[in-house]
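The values are calculated or read from the model by the stated rules, or taken from the named source; none is laboratory data. Quick caveat: nothing in here was measured; it's all calculated off a predicted structure. Note that we place each Cβ from the backbone using ideal geometry, even for glycine, and neighbour counts take in every protein chain shown.
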Amino acid sequence: MGRVNLEKVVKYIVDESVKLKNKYTDEINAKVEFGDVFTRDEGEYQQLTDVINKLGTIVYPGPSGNIYSLKKSIETVAGNLYLVKIRKPDNKLHFRGDADFDTDYQKLKQKYHNNSHFELIVRGKFEMLRLSDSSFDVMSCFSSIPVRKWI
């Protein structure tokens, strides 16, 4: 698996996340800030990790997978993407991945926090709204602090 295949997976995740975002929000022009690939098994995790290690550097080592900053962005329908996480396989996650979008988080939270498709996730440094729909195999996320600011 090379850059082309990694790009194909990332572009699919962003494309589908944009469709999901546009179905439930009016954040039509929101730019992608971060992409998260949920690997299906250990073999795919190793392949994607081998590829991305040649294309970027680890900017945040995490227990579920590392976040990389790419030397050359991946051009997506929602803008150029530099930050990508390759997530270790997890049988509890039945998604292909997620994309995080830059928005006015407080405004978005106020408008959509009661919508059943949105889940509020509170983490140590930040919180986010995670959007999902069972007809999509991706999620869309909106963070109070963009990933690029806390890594």
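Out of the residues in segment 84-113 meeting the condition of being among the polar types (S, T, N, Q) and at pLDDT 95 or above, tell me which one is surrounded by the most Cβ atoms within 10 Å (Cβ to Cβ).
This residue is T103.
From V10, V4, V37, which residue is surrounded by 15 or more Cβ atoms within 10 Å (Cβ to Cβ) and in a helix (DSSP H, G or I)?
Result: V10 is the single residue among V10, V4, V37 that is surrounded by 15 or more Cβ atoms within 10 Å (Cβ to Cβ) and in a helix (DSSP H, G or I).
Is it true that K71 is surrounded by fewer than 17 Cβ atoms within 10 Å (Cβ to Cβ) and without any contact (Cβ under 8 Å) to a residue 24 or more places away in the chain?
Yes; evaluated as a whole, the condition is true for this residue.
Looking at segment 48-61, I want the residues that are of a type in the set (F, W, Y) and have a partner that is buried (at least 18 other Cβ atoms within 10 Å of the Cβ) and at pLDDT 95 or above with Cβ atoms under 6 Å, at least 6 apart or on another chain. Which pairs are those?
Y60/I67
P146 versus (1) at pLDDT below 95; (2) under 21 Å from V51 (Cβ atoms): which is the lone unmet condition?
(2)
Among the residues of segment 13-34 satisfying the criterion of being part of a helix (DSSP H, G or I) and among the hydroxyl-bearing types (S, T, Y), which is surrounded by the fewest Cβ atoms within 10 Å (Cβ to Cβ)?
Taking the candidates together, the pick is Y24.
Tell me the strands (runs of 3 or more DSSP E) entirely within segment 73-151 that contain at least 2 residues that are of a type outside the set (A, V, I, L, M) and under 13 Å from the mean Cα position of the chain (by Cα).
The qualifying strands (runs of 3 or more DSSP E) are 79-87, 97-101, 138-143.
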